[in-house]
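To keep things clear, I will list the structure first and then write my remarks on it.
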Amino acid sequence: MKLILLGPPGAGKGTQAKEISAKYSIPQLSTGDMLRAAVKAGSDVGKRAKAVMDKGGLVSDEIVIGIIEDRIAQKDCATGFILDGFPRTLGQAAALDNLLSSKKLSLDHVIEMRVNDEELVTRIAGRYTCAKCGQGYHDKFQKPVKAGTCDKCGGTEFARRPDDNAETVKTRLMAYYRETSPLIGYYFAKNSLRSIDGMAEIGAVTKAIDGILTGKKGK
C-alpha cells in the first residue's frame with residue numbers, strides 16, 4: 001500500500017500516518033528524516049545533500065527524489081509506504097510519478113484531510129506541553145484537570161513552540177495554499193484523490209481513512 005496524506009500544517013497528517021504505519025506495518029517516510037538519514041549514512045545522494053545543506057542552501061527536488069528512490073528500495077518498504085511532507089509542489093508530484101513509473105509502482109491512495117482555516121489556527125495556536133514530560137495540552141480543547149499542573153507527572157512548568165502562534169500559522173497556511181494545494185486538483189484529475197473531514201475527532205478521522213484503505217468507503 002503506497003499512499004500520500006495531503007493537508008495543511010496542523011491537519012493531523014503525522015498523527016494519522018503513525019496510526020496507518022502501525023496497523024499496516026508500512027513505514028512513514030518524512031523527507032526531513034530521510035534527508036538526515038541519508039546524510040548520516042554517507043550515501044552518494046546523502047553526500048550531495050550535505051554539500052548543499054552545509055552551504056545553507058535548499059536541497060533540490062532532484063536530490064530529494066534520489067533520497068526517496070534509495071529509501072523505497074529498502075526492505076521495510078516492500079509492502080508499501082506513507083509519504084509525509086512530499087510532494088509539496090506540482091513539479092515534485094510529476095517527479096514522484098516518474099520515479100514510481102520507472103520502478104513499475106503506483107500510488108494506491110492520495111487522501112486529502114480537509115480543514116477549516118479558522119479552527120486550524122485555533123487548534124495550533126492553543127497548543128502547549130509540559131516542560132518536564134512533554135505531555136500535550138490545549139488552551140481550549142485539553143486543559144490539565146488541575147490548572148497549572150500536569151496530569152501525567154505533576155510538573156508545573158509548560159512550554160509553547162515559538163511557531164505555534166496565529167501569525168506564523170497563517171503564514172504557513174498561505175505557503176500551503178500557494179504551493180501545495182494545487183496537488184488536490186492534480187490528483188483529482190488522476191482519479192487518485194479521496195477527501196475526508198480532517199477537523200473531526202482523531203478516532204473518527206482514523207476510521208474514515210481506514211474505510212478508504214480497506215475499500216469500505218465508496219470511491
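Highest-first packing order for the peptide set 62-70, 186-194, 118-126 is 62-70, 118-126, 186-194, based on the mean count of other beta carbon atoms within 10 Å. Based on the convex hull around the alpha carbon atoms, region 112-170 presents an average projected area of 4.6 nm². Think of it this way: in the chain, 77 stand alone, with no other Cys Cβ under 4.7 Å. Kindly work out what percent of the DSSP beta bridges joining two residues of the chain are antiparallel, to the nearest 5. Of all bridge pairs located within the chain, approximately 30 percent are antiparallel.
For a paramagnetic label modelled on residue 171 (point 7 Å from Cα along Cα→Cβ), amide N atoms under 20 Å away belong, within region 29-66, to 56-59. Note on region 140-219: along the principal axes its Cα atoms extend 51, 33, 16 Å, ordered by decreasing extent.
Summary of packing: across the peptides 7-16, 171-180, the per-residue average of other C-beta atoms within 10 Å ranks them, highest first, as 7-16, 171-180. Every Cα-Cα pair of region 28-91 was included, and the share exceeding 18 Å stands at 32 percent. Taken along the Cα-to-beta-carbon direction at a fixed 7 Å, the label points for residue 114 and residue 22 span 2.8 nm. Over all pairs of different C-alpha atoms in region 72-174, the reciprocal of the mean inverse distance, the Kirkwood hydrodynamic radius, equals 17.2 Å. Label separation (residue 102 vs residue 161): 3.3 nm, computed from points 7 Å beyond Cα along the C-beta direction. The lysines whose alpha-carbon is closer than 23 Å to the alpha-carbon of residue 132, local same-chain residues fewer than 8 away aside, are 140, 143, 146, 152.
Roughly what % of Cα-Cα distances in region 1-51 sit above 18 Å, to the whole percent? Pairs farther apart than 18 Å: 45 percent.
Once divided by 2.2 N^0.38 Å, the Cα radius of gyration of the chain becomes 1.10.
Read the figures in this text as sums done on the coordinates, not as results from a lab. None of these values were measured; they are calculated from a predicted model. We place every Cβ from the backbone using ideal geometry, glycine too, and count neighbours over all the protein chains shown.
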